[in-house]
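Structure first, then comments.
Derivation of every value follows stated rules applied to the coordinates shown; laboratory data play no part. Only a predicted model underlies this, so the values are computations on that prediction, with no experimental measurement involved. All Cβ positions, glycine included, derive from the backbone under ideal geometry; neighbour counts span all protein chains shown.
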Amino acid sequence: MKKALITGGHKRLGKAIALALAQAGFDVAIHYRHDPQAAQDVVAAARALGRRAVALPAELTDSAALPTLLADAAGHLGGLSLLVLAAASYDPTPIDALNAAQLDLAFAQNARAPVALALAARPWLVASGDGRIVVLGDLAGQTPFHGYLAHSMAKAALHAAVRGLAAELAPDVTVNAIVPGAVLRPDDLPPTSWQRLLAVVPQGHVVAADPAAGADAIAQTAVYLAQCSRFVTGAFHHVDGGRSARW
């Protein structure tokens with residue numbers, strides 16, 4: 001069974017992963033919160049590859065919405081064997097203005113919602129006979145980014161959840177993480193700043209020459225984790241051009 005639900009599958013890394021999975025033979029459910037047209041575009045591309053595909057809206061921080069999202073995905077695809085947790089927020093929180101509401105929101109979006117969805121998906125994944133979860137982590141979860149303390153704390157919590165879920169959901173479900181580096185320019189980062197960042201990444205020239213190369217590398221890693229030996233679990237796969245090695 002190759003049936004995947006990808007959160008945030010309508011854009012950026014989620015989109016790259018969704019299309020790579022479709023290319024690898026997976027039927028895909030594309031979750032989105034906003035921008036239904038972008039989600040439908042991914043669905044059309046997956047269908048052009050001969051796969052079943054559907055776009056499904058949901059607010060992931062609303063725990064009541066999660067069972068419906070999973071049931072709709074499984075209903076359209078004929079089950080679920082893979083959950084890719086790619087949806088995330090990336091909001092700056094300058095330290096002098098950081099407050100409890102910002103912390104709560106960052107944790108809700110980047111830690112609580114992914115874990116809640118993983119737990120809710122467990123029955124579907126177990127029933128598939130080859131249940132797998134792939135989580136998009138963040139370098140900020142290892143070394144906090146300046147000006148993004150709330151986001152960094154939430155991603156650190158998500159990393160802890162990957163390890164905990166891998167241990168507690170075994171042997172029925174594998175849980176692994178991909179930790180991206182500088183692979184896609186953030187919308188709020190000027191192109192000149194992006195080029196300066198890539199210049200200090202050991203293999204940054206690869207993305208500088210081909211802006212899609214980083215996302216492709218993430219997608220290839222996700223496909224690997226969707227199909228590799230089930231002995232691989234609780235692992236963190238850094239796809240960052242060597243950035244964490246330089247740190």
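How large is the dipole of the chain about the Cα centre if only Lys and Arg carry +1 and Asp and Glu carry -1, each at its Cβ, rounded to the nearest 20 debye? Before the final figure, lay out each step's value.
Details: 19 positive and 18 negative charges, 112 e Å.
About 540 debye.
Quick one, can you get me the convex hull of the C-alpha atoms of region 129-247 expressed as volume per residue in Å³? Write down the numbers at each step before the final one.
Working: hull volume 12.8 nm³, N = 119.
It comes to 108 Å³ per residue, whole-number rounded.
For the chain, take every pair of Cα atoms, bin their distances at 10 Å starting from 0, and report each bin as a whole percent.
It works out to 8, 32, 38, 19, 3, 0, in whole percents.
Quick check: the angle from helix 36-48's long axis to the longest principal axis of the chain, C-alpha only, nearest 10 degrees?
Taking Cα atoms only, the helix is inclined about 60 degrees.
Take the Cβ-Cβ distance between Arg163 and Thr192 as r, set R0 to 30 Å, and report the resulting FRET efficiency rounded to the nearest 0.05.
Details: r = 38 Å, r/R0 = 1.26.
The pair Arg163/Thr192 has a calculated efficiency of 0.20.
By how many degrees, between 0 and 90 and to the nearest 10, does the Cα long axis of helix 149-169 differ from the longest principal axis of the chain?
Roughly 40 degrees, rounded to the nearest 10.
Can you tell me the 0 to 90 degree angle between the C-alpha axis of helix 213-227 and the longest principal axis of the chain, rounded to 10?
40 degrees
So for region 96-247, averaging the separation of alpha carbon pairs under 8 Å that are six or more residues apart and normalising by length, what relative contact order in percent results? Kindly include the intermediate steps, with their values, before the conclusion.
Details: 203 pairs, mean separation 38.4, N = 152.
Rounded, it is 25 percent for region 96-247.
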